[in-house]
1. For the pair B:SER285 and B:LEU210, how long in nm is the line joining their label points, each one 7 Å along Cα→Cβ?
2. Run the Debye formula on the Cα coordinates of the stretch A:88-157, all scatterers equal and no solvent, and tell me log10 I(q)/I(0) at q = 0.16, 0.26 1/Å.
3. Treating the Cα atoms of the stretch A:122-355 as identical point scatterers in vacuum, please give the log10 of the normalised Debye intensity I(q)/I(0) at q = 0.12, 0.13 Å⁻¹, two decimals.
4. Does anything in the stretch A:91-111 have its amide N under 17 Å from the 7 Å Cα→Cβ label point of B:LEU126, and if so which residues?
5. Quick one: length gained pulling A:SER104 to A:LEU351 fully straight, 0.36 nm per residue minus the C-alpha distance?
6. Between A:TYR314, B:LEU36, B:LEU82, whose Cα lies farthest towards the positive end of the dipole of the protein assembly as shown when Lys and Arg beta carbons carry +1 and Asp and Glu beta carbons carry -1, centred on the Cα centre?
7. For the stretch A:223-242 and the stretch B:23-57, what is the separation of their Cα centres, given in Å?
8. Determine the calculated [θ] at 222 nm for chain A from helices alone, applying -39500 (n - 2.57) to every DSSP H run no shorter than 4 residues and normalising by the residue count; nearest 500 deg cm²/dmol.
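Computed from the coordinates by the stated procedures, all read-outs in this text should not be read as laboratory data. This is a predicted model, so every value here is computed, not measured. All Cβ positions, glycine included, derive from the backbone under ideal geometry; neighbour counts span all protein chains shown.
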Amino acid sequence: MSLNLNVAAKATNSYSSSRLGSYVFGLLLIGALLLSLAVFYLLRPAEEDWQLNLVAVAIVGVIFYVILQYAVSRFVEGARRAVDRTAQVLITSAFLIALTPLISLLITVVTKGASRFDLDFFTLSMRNVVGEGGGAAHAVLGTVIMALAASVISVPIGLLTSIYLVEYGQGRRLSQWITFFVDVMTGIPSIVAGLFAYALFEIILGPGTRMGLSGSAALSVLMIPIVVRSSEEMLRLVPNELREAAFALGVPKWLTILKVVLPTAIAGITTGVMLAIARVMGETAPLLIAAGFSNDFNFDIFHDRMQSLPNFVYYSYVSQGSVPEAYLARAWAGALTLILIVMVLNLGARLIARTFAPKIGR
Amino acid sequence: MNSSDLPSVPKVVVTKVRQRPGDRVFSGLSRLSGSLILALLAGVFGFLFLEGLPALTADPAEISLLERSSENPNFWAYVFPLVYGTLWAAFLALLFAFPVAIGIALFISHYAPRRIAEFLGYVIDLLAAVPSVVYGLWGGTVLAPAIQPLYVSLHENLSFIPFFEGPPSGTGRTILTAAIVLAVMVLPIITAISREVFLQTPVLYEEAALALGATRWEMIRTVVLPVARGGIISSAMLGLGRAFGETMAVAMVLSATGVISVNLISSVNPSTIAANIALSFPEASGLNVNVLIASGLILFAITLVVNSIARWIVDRSKEFSGAN
């Protein structure tokens, strides 16, 4: 009925004739969902405690909708438009499918993490804690120390390398090699970075060596390529006119780089470094291998195992002790903390990029 | 080129720029750190090789990890099921992630309203920012129990297919669950790269297709996808490389026994190299450590090959694409 109305009302306009209004598809969607509901209800098993699975109803309903709208559109608008509409529905639902795990994950982390997200969690360590109580202060501390040490190693190396690539090495063999191998480094699996750091310190200091510095070395292997890539991109964005103006005034090249090029690109470089720190702070596997885990505070990066927040979450989950609920609650609180740290770093990085970006466009 | 033909023009005297000490120090430093990266990578290979070698040369009977694996202890017999598991899990993950990721990339680049497209891109990047251990925790405690009933019904209705042979796992911690978690993790990588390639499609081509009367989907199928083909393939391969190396999600979700099977829903699952290292390393000592390091070297080699092929495709398609 609605189809006839639609065609009749718009028959005068030759461009919109035989096209369906969007409300038709809204009605179709509702109809498809109701149909799916009916099918589920009619085909229900004869059990007392039968419950309607709303997720399944929605999924089947969307499948019905795809078929229905294709049939209707094909009948009224022709095959080509029907395919176009179907593609649009499928592509849009792909996006919704991807949002489902993200939303589910964020909701679970927030709801389950909130129960132990308290003062104790950020002031106590796990020393002598068997069941409930305790906290992750030692893990937060370890994460911060190791991430800072990794930055101290990787930022100078990464930044200087990108300066070499952009300012000195153009067209040289060495810079081509570096570009290629930085690509290779971005593909190193994180656990292999951990094995490398472990092997390195085992050869130097003997078997079984695990310490914070080793963890930082592993993180640096992951961090350096990210820093090189992002800073290189930012340095290339600096307009050549600025460099030429400085050269024309007789400024030596190194001073030009230090006083002109770097300040122009500093916002972008900071953003890249912060994103790199956020990335390595969430790494579990390399620290599991290289830094080990501990239940106590450790301020000394050169000795003994050092706990990190991701490993705290991992061990709380894997070895749930006598009171599994307490361990899981701590794991979720740790996950919440971790996500918050990473999100703050991410948002801060984007904010810096937006606020301090140089006005290059005239 | 032509200057040699004109002898009458006086030769340009090239004065050598005076090298200030600051210049020399600075360029030396930057070259040094560049070389350091090369040395570092060589070190990764070298140290892993040095530490992995004993696993191959030592008597397999002395290594407890290998003894457990089969009646004929041997490094390759130990590592082969792990390689299989790594490839299998990554392949499954890619199977789920690839169509969805391409859909998202198209949605953001060609379907979503311009104003919110950038924001939607951030949302997908958010998926990439979530640490892997959190995915593992979510997969093990939320996804696995939620999806377990599905495995039971898959087994009841489709058990004639080898994938659903069962018996269904009681916890839901199967290779299929792990692959779904992996799929969520590689999704943002594939999306980010293919979105970028889609946006590089020359607008003139798109407008030409639309002007010839193509619908939006026909325009995408005939213009956007062919131009982006190289980028799409390489994005899939980079996603594959990420899935190979992903450790925690698999280690925390999968209950692995190290078998070779295509059964997706049973509680007997193949393990992956990375997850096996993470699970065995903390307790390992002596030659077992060397075995694990050697398996890590194999993982490195696999990812290296896949990533290099991906980069090669990107570079090649850059030359031929209509974008330039």
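1. 6.9 nm
2. Ignoring solvent entirely, the Cα scatterers give -0.79, -1.05.
3. Rounded to two decimals, the profile gives -0.72, -0.82.
4. A:95-111, by backbone N distance to the label point.
5. Values: separation 247, 0.36 × 247 = 88.92 nm, distance 2.65 nm.
Stretched fully, the A:SER104-A:LEU351 segment lengthens by 86.3 nm.
6. The residue sitting most towards the positive pole is B:LEU36.
7. 22 Å
8. Working: 15 runs with 258 residues, N = 362.
Mean residue ellipticity at 222 nm (helix-derived): -24000 deg cm²/dmol.
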